[in-house]
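Structure first, then comments.
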Amino acid sequence: MSTDGSSRAKALDLGLLTLRTAVGATLFAHGAQKLTGWFGGPGIEATASGMDQMGFKPAKLSAVTAGVSEAAGGLVALGAGTRVASAAGAAAMIAAADVHRPNGFFAQNGGLEYPAILGIASATLALTGPGRYSLDSKMGHRLERDRVGVAALAAATAGAAAVLYRRKKVTAAA
């Protein structure tokens, strides 16, 4: 492969397309499971019940927020609103990783490995943007700016931290 700038840019854009598609489709499927019961998921009522047991209050709002944040992965896969949708996915995965943290790192033990990697990949996409092979790029989307990704990720992280702080208070009181 040539090392000229054009070939490198194409390879980078293909890499971002691959990452966006894998992460976005995975997050979308998980969000759809929570919200609608698709793909063998529990649906919103059962998700809310689970959120309640994990200490997320109010449970139904937490379930809807988690489901929508993950379902936004569909936008990530398409490269539409990528920076904001990726930041939302990263926030959902911060909360999921915290739930799994007591089980250690590895997924086979119920650990945080899987949500952490999805969260890191989502954060990466919020910071890098979708690349040239995306709807954002084709439409010249005004939110496709570096500062938007940084701001969205900072806001999403702060939101996740607030939710986890509230969860910690609820579980400590229980």
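The values are calculated or read from the model by the stated rules, or taken from the named source; none is laboratory data. Computed from a predicted model, the values in this text were never measured in an experiment. Ideal geometry is used to build each Cβ from the backbone, glycine not excepted, and the neighbour counts take in all protein chains shown. In case anyone asks, the SASA skips ligands and DNA or RNA and just uses the protein heavy atoms, side chains included. Shrake-Rupley method; radii C 1.70, N 1.55, O 1.52, S 1.80 Å.
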Flag if Ala92 is within 11 Å of the chain's Cα centre (by Cα), among the aliphatic types (A, V, I, L, M), under 24 Å from Pro130 (Cβ atoms) and open to solvent by less than 20 Å² (accessible area, probe 1.4 Å): yes
Residues within the range 17-31 that are over 23 Å from Gly41 (Cα atoms) and not hydroxyl-bearing (Ser, Thr, Tyr), tallied: 2
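Got at least one residue in the range 101-119 being of a type in the set (D, E, K, R), more than 30 Å from Ala11 (Cβ to Cβ), open to solvent by 40 Å² or more (accessible area, probe 1.4 Å) and part of a helix (DSSP H, G or I)? Outline the logic, then answer.
As a first pass, look at the range 101-119 and keep what is of a type in the set (D, E, K, R): 101, 113.
Keeping just the survivors that are more than 30 Å from Ala11 (Cβ to Cβ) gives 101.
Still in the list and also open to solvent by 40 Å² or more (accessible area, probe 1.4 Å): 101.
Filter once more, keeping what is part of a helix (DSSP H, G or I): 101.
So far as the range 101-119 goes, yes, one or more of its residues are of a type in the set (D, E, K, R), more than 30 Å from Ala11 (Cβ to Cβ), open to solvent by 40 Å² or more (accessible area, probe 1.4 Å) and part of a helix (DSSP H, G or I).
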Filtered residues of the range 134-174 (kept if in contact with an Asp or Glu (Cβ under 6 Å, 6 or more places away or on another chain) and surrounded by fewer than 19 Cβ atoms within 10 Å (Cβ to Cβ)): Leu164
Selection within the range 16-49 - under 18 Å from the mean Cα position of the chain (by Cα) and small (Gly, Ala, Ser): Ala22, Gly24, Ala25, Ala29, Gly31, Ala32, Gly41
Hits in the range 14-56 - residues which are among the charged types (D, E, K, R) and surrounded by 16 or more Cβ atoms within 10 Å (Cβ to Cβ): Arg20, Lys34, Asp52
Residue match in the range 73-94 (condition: touching a Ser or Thr at 6+ places or on another chain (Cβ under 6 Å), over 15 Å from Leu27 (Cα atoms) and not aliphatic (A, V, I, L, M)): no
